[in-house]
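Data first, discussion second: the structure below is written as structure tokens.
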Amino acid sequence: MSRPKKLPNGLEFNGWRFTTTKGPIANGEQLEKFEAGLKLPVLPEEVYSANSMVFEHIKSGERIEFNAHDALAKVDAEHDLVKVAYAKKWTGARRAELQGDEVKILKPYDWTFTTDHPGTASAGCTVQGTEDSIDIESLKARDPILFHDHLHFFGDDFGDNGAVMLTAQVRVMPTAFFALQRLFVRVDDVLVRVVDTRVWYRFGAPTVIREQTHREQTFEELEAQMGVKGDRRAALAMYQEDRIHEIVDKLPITKVGKDCITMPA
């Protein structure tokens, strides 16, 4: 087992390099460059275009990366997937572009910015389905944390009618590393949705395990279950970022996918 080597923005350990890059919310000039290759007519209000989380297998140079651009590339750029009373009015406003004295309405898109992008594995990695699962029990052990970080990729408040956030966190222990990318979507009076992508690797194992879990429930059902129905203040407190973990397990699972990623020897 190698000794941990601290980096300015990460860690090298056991043949892997873990790095995170952070920057402020992208400005207009940065967004122009960021939009290259994206088909969305509108971007979230907050985009952290410089942020990234990378796990690099040092010997092969292959890597797994999380960033805002790749995640937004998986958002449906052609269909409105959530139909509610205020959505038509709100998306019409968000899709509008002023051109002189005229207003041009852009094409429909998924204005909740729901993405199931599981992270980008570089070209030399082999990705295939698996029945293996992440050892959740091992993650509950009180192992020393050699490196950890938390990043934001994008966010929007749907014109004060909800919220979407895409975040990621990583922690490296002496025996393994674990990462969680979480998409949280709240459409007020309609639904709550979470898409979690977990990446886990036990040092020395032949493959990296990746699991993605989709959860969703109606607003009414969740707030009744949590005992905050009719109490707007308590409900809003429940949806704060630092408390989202309290409700995730309450949401019914709608889809699960698992694969493994093999790096070249």
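Each value in this text was obtained by applying a stated rule to the coordinates, not by laboratory testing. All figures in this text were calculated on a predicted structure; none of them were measured in a lab.
Tell me the relative contact order for the chain as a rounded percent, counting alpha carbon contacts under 8 Å between residues six or more apart.
Working: 529 pairs, mean separation 41.2, N = 265.
Once normalised by length, the contact order is 16 percent.
Greater than 27 Å separation of Cα atoms is the criterion. Which listed pairs, LYS140/LYS255; LYS74/LYS140; LYS6/LYS39, meet it?
Table pairs above 27 Å Cα-Cα are LYS74/LYS140; LYS6/LYS39.
What list of ³J(HN,Hα) values in whole Hz, one per residue of region 233-250 in order, does the Karplus curve 6.51 cos²θ - 1.76 cosθ + 1.60 (θ = phi - 60°) give from phi, with Gly and Pro shown as x?
Once rounded to whole Hz, the list reads 5, 5, 5, 5, 5, 5, 8, 5, 3, 6, 10, 4, 4, 6, 10, 4, 5, 7.
I'd like the orientation of helix 85-94 relative to the chain: the angle between its Cα long axis and the longest Cα principal axis, in ° from 0 to 90, rounded to 10.
80
In a GNM of the chain with a 10 Å cut-off on Cα contacts, which of VAL47, VAL190, VAL199 has the highest mean-square fluctuation?
VAL190
For Cα Rg over 2.2 N^0.38 Å, the listed values are [x] 1.08; [y] 1.01; [z] 0.97; which was obtained by calculation from the structure presented?
Recomputing Cα Rg over 2.2 N^0.38 Å here gives the entry labelled [x].
Stick to the Cα atoms of region 112-161, pair each with every other, and give me the Kirkwood hydrodynamic radius in Å at one decimal. Please report the intermediate quantities before stating the final value.
Working: mean 1/r = 0.0629 Å⁻¹.
Its Kirkwood hydrodynamic radius stands at 15.9 Å.
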